[in-house]
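Every number here is computed from the coordinates shown, using simple stated rules; none is lab data. Being a predicted model, the structure only gives us computed values, none of them experimental. Cβ atoms come from the backbone with ideal geometry, glycine included; neighbour counts cover every protein chain shown.
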Amino acid sequence: MLPVIALVGRPNVGKSTLFNRLTRTRDALVADFPGLTRDRKYGQANYDGYEFIVVDTGGIDGSEEGIEIEMADQSLLAIEEADIVLFLVDARVGMTVADQAIANHLRKQEKKSFVVANKTDGIDADSNCAEFYQLSLGEVHHIAAAHGRGITLLLEHTLQPLLAELSAQNDDGKGDDDELIDLYSEDDEDSTAHEAFADKPVKLAIIGRPNVGKSTLTNRILGEERVIVYDMPGTTRDSIYIPMTRNEKEYVLIDTAGVRKRKKVSDVVEKFSVIKTLQAIEDCNVVLLVVDARDGISDQDLSLLGFALNSGRSLVIAVNKWDGLDDYVKDRIKSELDRRLGFIDFARLHFISALHGTGVGHLFESIDEAYESATKRISTAMLRRIMDMAQADHQPPLVRGRRVKLKYAHAGGYNPPRIVIHGNQVHDLPDSYKRYLMNYYRKALKIMGTPIKIEFREGD
Ligand code: GDP
Ligand code: GDP
């Protein structure tokens with residue numbers, strides 16, 4: 001589980017500015033969830049090797065009305081789900097009643113909370129920030145988010161130790177990766193090895209925006225099969241893990257919809273948690289993204305898809321509610337899906353009805369295939385043979401009068417499968433040829449449901 005840092009505070013104190021600073025540190029993927037709240041953003045960030053999720057909570061000031069109440073609820077949920085809260089205040093405006101209301105809330109929360117006074121540029125920070133000590137949340141950290149000042153200090157002194165501690169706690173139970181990685185054997189000449197690691201349960205995360213039918217699908221899967229369901233404890237942001245057996249194979253469903261609800265969870269707001277979804281993606285082997293045929297692909301769907309792609313996880317897409325539609329509508333939906341999802345060439349698309357159970361069984365064929373593809377053991381000899389074949393069928397182009405030459409290939413990891421290719425001028429290979437190679441490998445190795453990463457290295 002990645003640590004979660006939530007940014008809270010009144011509107012306009014500089015939360016989005018700080019969010020951008022924190023997430024810009026790497027090729028962060030930032031998703032907006034327009035339907036849920038205004039301005040609510042999630043991003044992945046990295047400091048000193050520690051990855052974490054940053055949530056920009058929009059804004060709360062205690063005087064919300066109408067739609068803002070829902071926003072405030074979402075902010076409160078984000079606080080609850082976070083490991084660390086950065087409470088931003090405006091050093092120029094000074095302390096407000098709303099700041100005090102937020103502080104009161106945070107003090108009741110037994111959460112690691114830090115007061116961060118922003119906009120300290122061009123003012124006497126010490127005298128302007130002194131009053132924030134009355135918030136009784138300990139030290140007041142000075143930053144100027146717009147200028148990037150004070151942020152490194154905050155990360156280094158305050159956040160880094162906590163991130164290190166949280167990551168150490170969360171690392172228990174990891175290590176699957178290390179175990180499997182040496183299975184890429186260098187000298188396994190004849191192996192066409194299509195072995196999957198069937199002794200481990202496949203962790204399947206069922207994700208999707210609210211109302212697409214995740215709960216219905218989960219219940220359908222659990223109800224149709226003879227499954228053994230255990231009740232798992234968890235907190236609001238944790239998904240529920242449901243071990244199940246199907247055709248003698250073991251799976252763990254990561255239920256982000258909260259079908260097996262714990263007692264108190266009843267809010268509508270609680271039902272869809274982006275953090276929960278992100279954590280589920282992080283922790284699974286295969287993502288099952290559920291979309292609603294009747295709504296088409298929304299921006300929220302694309303955001304979730306973006307997170308799944310970014311994680312490099314295997315992916316199967318279920319287009320749900322495929323019942324009761326006439327052929328004309330079905331055709332229209334299919335071409336719309338083609339248009340919007342055409343860029344993902346590796347994921348299988350299934351048209352299902354969770355309500356009636358149509359197509360649900362077939363989903364597992366693709367789930368198994370995706371998992372097997374992602375964890376497949378591929379020998380160096382095989383990778384090299386395929387590279388040679390691809391090159392013979394269609395030679396790489398000339399660049400500046402010299403032909404690009406691929407010399408050697410070996411495996412660089414799995415989950416997703418990574419192939420390292422060495423050669424001359426490989427950095428000049430046009431994207432079209434890279435795509436050709438990728439597709440060649442995909443076909444030759446029968447890899448479906450998972451992305452393939454090819455890395456090019458200059459020289460032998
Ligand atoms: P949010 O509503 O809390 O997300 O606040 P924003 O990040 O949108 O910032 C609100 C305004 O404050 C914007 O006009 C920012 O340019 C400005 N701002 C943010 N950080 C700083 C800062 O460090 N110094 C100054 N002077 N202005 C800032
Ligand atoms: P979740 O929020 O993603 O867990 O969605 P739910 O499983 O609660 O479903 C939302 C609504 O869609 C409910 O009213 C379901 O009965 C309905 N629904 C779910 N699956 C299907 C389906 O395959 N066909 C139709 N027609 N309705 C469905």
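Structure data summary
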read-out: Dipole of region 294-399, positive end: most advanced residue of ALA370, GLY357, GLY342 [Cβ charges, Cα centre]; value: ALA370
read-out: Extended-chain gain in nm, criterion 0.36 nm per residue less alpha-carbon gap, ASP431 and ARG149; value: 97.6 nm
read-out: At R0 = 56 Å, FRET efficiency that the Cβ-Cβ distance of ASP323 and ASN439 yields, to 0.05; value: 0.95
read-out: Inter-centroid distance (Cα atoms) of region 86-134 relative to region 401-438, Å; value: 52
read-out: Total formal charge among the other residues, if their Cβ is under 15 angstrom from that of PRO430, Lys/Arg +1 and Asp/Glu -1; value: +4
read-out: Formal net charge of residues neighbouring ILE419 (Cβ-Cβ distance under 9 Å; K, R +1; D, E -1); value: +1
read-out: Cα gyration tensor shape of region 298-374, rounded if a/c is under 1.5, else prolate or oblate by comparing a/b with b/c; value: oblate
read-out: Neighbourhood charge, 10 Å Cβ-Cβ cut-off, centred on ALA354 and excluding it, Lys, Arg +1 and Asp, Glu -1; value: +2
read-out: Nonlocal amide H pairs with ALA354, under 5 Å, H built at 1.01 Å; value: LYS321, TRP322
read-out: Of LYS15/LYS112; LYS214/LYS443; LYS405/LYS453; LYS112/LYS276, those spanning more than 28 Å from alpha-carbon to alpha-carbon; value: LYS214/LYS443
read-out: Overall form of region 343-460 per C-alpha gyration tensor (a/c, 1.5; a/b vs b/c); value: prolate
read-out: Neighbour-count ranking [beta-carbon atoms within 10 angstrom, fewest first] of ARG403, ARG149; value: ARG403, ARG149
read-out: Cα shape, region 371-427, gyration tensor, a/c 1.5 rule; value: prolate
read-out: Proxy reagent accessibility, fewest Cβ within 10 Å first, across ARG348, ARG313; value: ARG348, ARG313
